[in-house]
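Take a look at this one; I'll ask things after.
The values are calculated or read from the model by the stated rules, or taken from the named source; none is laboratory data. Quick caveat: nothing in here was measured; it's all calculated off a predicted structure. As a convention, Cβ positions derive from the backbone with ideal geometry for all residues, glycine included, and neighbour counts pool all protein chains shown. Heavy atoms of the whole protein, side chains included, go into the accessibility calculation; ligands, DNA and RNA do not. Shrake-Rupley method; radii C 1.70, N 1.55, O 1.52, S 1.80 Å.
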Amino acid sequence: MKRQQLLDLYFMDARSKLIDLAAFFDRVDGGEGDSDFRLDALKRAVGELSKGEPQRAKQVLIALSDPSTQPIDKSPGKGAVGAWSGSAVS
């Protein structure tokens, strides 16, 4: 498809998601208490968008994912939390 066609089809959806994300950050910033690893991971992932490099979706997923390759003995919780709680991935 041509770029204009893609913009015509998907721009309003992307615009809506971006506004939702901005509203989420506003709510979190206005909340009391400390943030945690999830907010840090999300900010890293959003930063990937502005780099303008190819494969942004892949880089966003990497920013949110556990980079370890060794299995763990026991899960620290019952379910996924959507972001890795370890140090920043470079």
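Quantify, in whole percent, the carbon and sulfur part of the accessible surface of the chain (1.4 Å probe; protein heavy atoms only). List each step's numbers first, then the result.
Working: 4260 of 7810 Å².
Here it works out to 55 percent.
With a 10 Å radius around each residue's Cβ, average the other Cβ atoms per peptide and rank 47-53, 57-63, 28-34, 69-75, highest first.
57-63, 47-53, 28-34, 69-75
Also: What number comes out for the charge environment of Ala22, summing +1 per Lys or Arg and -1 per Asp or Glu over other residues with Cβ under 13 Å away? Mind showing how you got there, number by number?
Numbers: positive: Arg15, Lys17, Arg27, Lys43; negative: Asp20, Asp26, Asp29.
Charge balance near Ala22 sits at +1.
Based on DSSP H assignment, which helices of the chain show an axial Cα extent of at least 15 Å together with a mean Kyte-Doolittle hydropathy greater than or equal to -0.5?
Those that pass (Cα extent of 15 Å or more, hydropathy at least -0.5) are 3-30, 37-49.
Pop out the ³J(HN,Hα) list for segment 71-84 in order, Karplus 6.51 cos²θ - 1.76 cosθ + 1.60 with θ = phi - 60°, rounded to Hz; leave Gly and Pro as x.
x, 9, 6, 8, 5, x, x, 8, x, 6, 10, x, 8, 7
Once a ≥ b ≥ c are taken as the square roots of the eigenvalues of the Cα gyration tensor of the chain, is the result rounded (a/c under 1.5), prolate (a/b larger than b/c) or oblate (a/b not larger than b/c)? Write down the numbers at each step before the final one.
On the way: a/c = 2.41, a/b = 1.47, b/c = 1.64.
Judged from the Cα gyration tensor, the chain comes out oblate (a/c at least 1.5, b/c at or above a/b).
Using the Cβ atoms and a cut-off under 10 Å, what net charge is assigned to the surroundings of Ala83, where Lys and Arg are +1 and Asp and Glu are -1? Could the numbers behind the result be given before it?
Working: positive: Arg38, Arg44; negative: Asp36, Asp40, Asp66.
Summing Lys/Arg as +1 and Asp/Glu as -1 gives -1.
So with the 1.4 Å probe, I'd like the accessible area per residue for the chain, rounded to whole Å².
On the way: 7810 Å² over 90 residues.
I get 87 Å² per residue for the chain.
Using +1 on the beta carbon of Lys and Arg, -1 on that of Asp and Glu, and nothing else charged, what's the dipole of the chain about the Cα centre, debye to 20? Please report the intermediate quantities before stating the final value.
Working: 13 positive and 13 negative charges, 89 e Å.
Roughly 420 debye, rounded to the nearest 20.
Another question, if that's okay. Given the pairs Lys43/Lys74; Lys17/Lys51; Lys17/Lys78; Lys2/Lys43; Lys17/Lys74, which are separated by over 25 angstrom at their Cα positions?
On the way: Lys43/Lys74 28 Å; Lys17/Lys51 19 Å; Lys17/Lys78 29 Å; Lys2/Lys43 31 Å; Lys17/Lys74 36 Å.
Too far apart for the 25 Å limit: Lys43/Lys74; Lys17/Lys78; Lys2/Lys43; Lys17/Lys74.
With springs only between Cα atoms under 10 Å apart, run a GNM on the chain and tell me which of Ser65, Ser16, Ser35 wobbles the most.
In the Gaussian network model the winner is Ser16.
Relative contact order, percent, of the chain when contacts are C-alpha pairs under 8 Å separated by at least 6 residues? Please list the in-between numbers first.
Numbers: 44 pairs, mean separation 25.9, N = 90.
Here the relative contact order equals 29 percent.
For the chain, modelled as a Gaussian network with Cα springs under 10 Å, which listed residue fluctuates most, Lys43, Lys78, Lys17?
Lys78
Choose one of Phe25, Gly79, Thr69: the residue whose Cα lies farthest towards the positive end of the charge dipole of the chain (beta-carbon charges +1 Lys, Arg; -1 Asp, Glu; about the Cα centre).
Working it through, the farthest residue towards the positive pole turns out to be Thr69.
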